[in-house]
1. Mind counting the residues in the stretch 49-108 that are among the charged types (D, E, K, R), closer than 24 Å to residue 27 by Cα and free of Cβ contacts under 8 Å to residues at least 24 places away in the same chain?
2. Of the residues that make up the stretch 96-105, is at least one assigned by TED's automatic domain parsing to the domain that holds residue 8 and of a type in the set (S, T, N, Q)?
3. Taking the stretch 1-39, which residues are closer than 20 Å to residue 65 by Cβ and among the polar types (S, T, N, Q)?
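The values are calculated or read from the model by the stated rules, or taken from the named source; none is laboratory data. Keep in mind it's a predicted model, so treat the numbers as computed, not measured. Neighbour counts are summed over all protein chains in view; Cβ atoms, including those assigned to glycine, are modelled from backbone coordinates with ideal geometry.
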Amino acid sequence: MELIDKVIYGKYLSYYGQLLTDKQREVLKFYLDMDMSLFEISKELNVSRQAVRDIIVRSTALMNEYEKKLALVKKNEELQKKILEIINECDNKKTVSALKNLYDYTEVN
């Protein structure tokens, strides 16, 4: 998986992780967040490398479907873009401060 894909799926995991099983979430966190190899994950979880790969493939496909249907990531990114546009056009310091707080609130960690 390319680095850009890992970044995208990491973001999807923040949004849709609770819709996955505990095992799927655990494997993806090892793979995406901790950058562990399939071999390392398989040793950690005492399962085959193929099982780890299958979980990753199924889980990322599920998250793609969730994003296709719900578009939460896309909508949030559009909201952030609009907030930044307003911040850049605004002269009122209090308003800018409030908008920056709103922008920070929309960031998913």
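1. 6
2. No: the stretch 96-105 contains no residue that is assigned by TED's automatic domain parsing to the domain that holds residue 8 and of a type in the set (S, T, N, Q).
3. Answer for the stretch 1-39, where residues must be closer than 20 Å to residue 65 by Cβ and among the polar types (S, T, N, Q): 14, 18, 21, 24.
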